[in-house]
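**Q** Provided herewith is a single structure, encoded as structure tokens, for subsequent inquiry.
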């Protein structure tokens, strides 16, 4: 029979130090002793914040210490949940969906049918343009301050981007980014695009710039605005 033991709030043992200065280290050392036994039938998972795990984990009742990779292995959740280049390897979306589903069940809310993409079904999906409306609010800033138009750009291009911003602010931001990339290469004296799709609407070009654009527009609005993730 194999046993899996989860120990959370390991760092809270440090809070007892003010009351029981001689006892607190012993609590932690007892946990270390359990890990040091290396019983193949028992596995442990310990929840610890950064800086709470001792550099030298002493084993209770001995002068020995635990050895990393021999007695324990550190898994950094921040690193594990970071987005890699391959979208298929992303862990966080499934992690967030799982937590959301568990909390709905805990609140005794009925979940009917397919539970995949549960957050989209409950909250709806925010498109880029919806997020921009959330960021800029009712009082829109002047397009020039959001687009960061360069003074050396041809006036027809600036007028075009400002006009486009009244119809589609995000497209105009992408257009400004596209124009900025062309400076020093083809320049932006080429004819202004007259119809969609614009050069910056190409999927391969815009996919790496969407989040950056939303972040910049949000930061222009206010220092207290929160990002909307979907």
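The values are calculated or read from the model by the stated rules, or taken from the named source; none is laboratory data. If you're wondering where the values come from, they're calculated on a predicted model, not measured in any experiment. No Cβ is skipped: glycine too gets one built from the backbone with ideal geometry, and neighbour counts run over all protein chains shown.
**Q** Out of curiosity, is residue 45 assigned to a strand (DSSP E or B) and within 30 Å of the chain's Cα centre (by Cα)?
**A** Here the answer is yes, as residue 45 does meet what is asked.
**Q** In this structure, is residue 197 out of contact with any helix residue (DSSP H, G or I) (no Cβ under 6 Å at 6 or more places or on another chain), at pLDDT 75 or above, in a loop (DSSP other than H, G, I, E, B) and surrounded by 15 or more Cβ atoms within 10 Å (Cβ to Cβ)?
**A** For residue 197, the condition - out of contact with any helix residue (DSSP H, G or I) (no Cβ under 6 Å at 6 or more places or on another chain), at pLDDT 75 or above, in a loop (DSSP other than H, G, I, E, B) and surrounded by 15 or more Cβ atoms within 10 Å (Cβ to Cβ) - is not met.
**Q** For the stretch 156-169, enumerate the residues that are crowded, with 20+ Cβ neighbours inside 10 Å and in contact (Cβ under 8 Å) with a residue 24 or more places away in the chain. Give the derivation first.
**A** Filtering the stretch 156-169 down to residues crowded, with 20+ Cβ neighbours inside 10 Å leaves 161, 164-165, 169.
Residue satisfying the conditions is 169 alone.
**Q** Do the conditions hold for residue 43, that is, is it touching a strand residue (DSSP E or B) at 6+ places or on another chain (Cβ under 7 Å) and touching a residue at least 24 places away in the same chain (Cβ under 8 Å)?
**A** So residue 43 passes the test.
**Q** Evaluate the stretch 51-70: report whether one residue or more is touching a residue at least 40 places away in the same chain (Cβ under 8 Å) and over 27 Å from the mean Cα position of the chain (by Cα).
**A** Within the stretch 51-70, not a single residue is touching a residue at least 40 places away in the same chain (Cβ under 8 Å) and over 27 Å from the mean Cα position of the chain (by Cα).
**Q** Can you pull out the residues in the stretch 172-194 that are modelled with pLDDT of 75 or more and either touching a helix residue (DSSP H, G or I) at 6+ places or on another chain (Cβ under 9 Å) or surrounded by 11 or more Cβ atoms within 10 Å (Cβ to Cβ) (or both)?
**A** Within the stretch 172-194, 172, 173, 174, 175, 176, 177, 178, 179, 180, 181, 192, 193 meet the criteria.
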